[in-house]
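**Q** Got a structure here, written out as structure tokens. Questions coming.
Since every read-out is calculated from the coordinates, none of them should be taken as a lab result. Keep in mind that what you see is a predicted model, and the values were worked out from it rather than measured. Note that each Cβ is placed from the backbone with ideal geometry, even for glycine, and that neighbours are counted across all protein chains shown.
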Amino acid sequence: MSAVNAQRHHTLMEDPYPTRLATAPERPWLPRQENILRGPEEGPLTLDQREAFRRKGFVFIPNFLDDTELEGYQRELEALLERDDYRDQDFTITEPSSNDIRSVFAMHFLSERFGQLAQSPKLVKSVEQLIGEDVYVMQGRINYKPGFEGKGFDWHSDFETWHAEDGMPRMNAVSASIVLTDNHEFNGPLMLIPGSHEKFVPCIGETPADNYKRSLKKQEAGVPGREALAELVAEHGIEAPKGRAGGLLLFDCNTLHGSNANMSPDARSNIFFVFNQRDNVLDTPFGARHHRPDFLAHTPDGRWRDLTL
């Protein structure tokens, strides 16, 4: 963390999650400060599902979408991926070794259908059962991992990035990933370390300028050290929730996760929404000189204004 940012933040609050450090900290991780469950018991999620989320930091809900809904969202995804005018935009990320689209950000602004899904009561109420009411979509994206070509993603905590580069103060956010293709062990499913959401792992190294332009293809800044990862995996193991298309994976913002390359001929794609609480509004970045663009993380009452199509 730069001296300028450190001084600016320490005038407002003591940072309980220092990261992007110049030297290795004394301890490999720090204890989580926020409660994991802050929402009501009643809602779409069962008590067992809420308890699984509390204990592991994630829960997979099969059959969140029915077949008719699933087909509609699959068609919408294909339509967005086929748009040539999206390919060279800042909000579109391509594979490191090709020009194939890997992610389309802010798709809830680009697509009316996906925008409606982000506000669907079934999804929003499920999220509110976990982190409390009064939430908003801080980020939306499509993730696409083509067969044979889709690359993996290194282990990381989303909160570490959002805290360091977007100024998210607390761990009051949850990611909702709706799988649009069957997830199996061969097409690079998301892997998570259960229980890691209760420990914040500081990362070493200053945030490079415009880091997002590289990190969305291959993350290097904000990656936990191998020793800390090895200890967490030895304690908690690794799980990769798998299932047919239409399932919903909810995971805590601090749960460590990553994915392998897609070695199969089967593409893997999902719709991804990040829900943040309005009282956890993004502030000055804790470990970077400037905010990332709005299409990566926007404020509760703001709309993504970078769309120039």
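**Q** Quick check for the chain: number of Lys pairs with alpha-carbon distance under 19 Å, counting only pairs 8 or more apart or on different chains?
**A** Summing the qualifying lysine pairs gives 10.
**Q** Okay, moving on. Run lengths n ≥ 4 of DSSP H only: what is the helix-derived mean residue ellipticity at 222 nm for the chain, with -39500 (n - 2.57) per run over all residues, to the nearest 500?
**A** Mean residue ellipticity, 222 nm, calculated: -6500 deg cm²/dmol.
**Q** Give the Debye-formula value of log10 I(q)/I(0) at each listed q (0.09, 0.10, 0.13, 0.16 Å⁻¹), with one equal scatterer per alpha carbon of the chain, two decimals each.
**A** Treating every Cα as an identical point scatterer, log10 I(q)/I(0) equals -0.41, -0.52, -0.93, -1.51.
**Q** Against the 2.2 N^0.38 Å scaling, with N counting residues, where does region 113-173 land? I'd like the Cα-based Rg ratio to two decimal places.
**A** Normalised Rg, Cα atoms only: 1.40.
**Q** While we're here: So if I take the centroid of the Cα atoms in region 106-147 and the same for region 157-231, what is the distance between those two points in Å?
**A** A separation of 19 Å, based on Cα centres.
**Q** Rg and Dmax in Å for region 18-79, alpha carbons only: what are they?
**A** For region 18-79, the Cα-based Rg and Dmax read 19.0, 53 Å.
**Q** In addition: Using the C-alpha atoms of region 41-154, what convex hull volume per residue, in cubic angstrom, is computed?
**A** It comes to 143 Å³ per residue, whole-number rounded.
**Q** With a 10 Å radius around each residue's Cβ, average the other Cβ atoms per peptide and rank 249-257, 185-193, highest first.
**A** Peptide ranking by packing, descending: 249-257, 185-193.
**Q** Another question, if that's okay. If you count, for each residue, the other Cβ atoms within 10 Å and average over each peptide, how do 276-283, 163-170 line up from highest to lowest?
**A** Output ranking for 276-283, 163-170: 163-170, 276-283.
**Q** How high is the relative contact order of region 81-207, in percent, counting Cα pairs under 8 Å that sit 6 or more residues apart?
**A** It comes to 18 percent, rounded to a whole number.
**Q** If contacts are Cα pairs under 8 angstrom and at least 6 residues apart, what is the relative contact order of region 3-280 in percent?
**A** About 33 percent, as a whole number.
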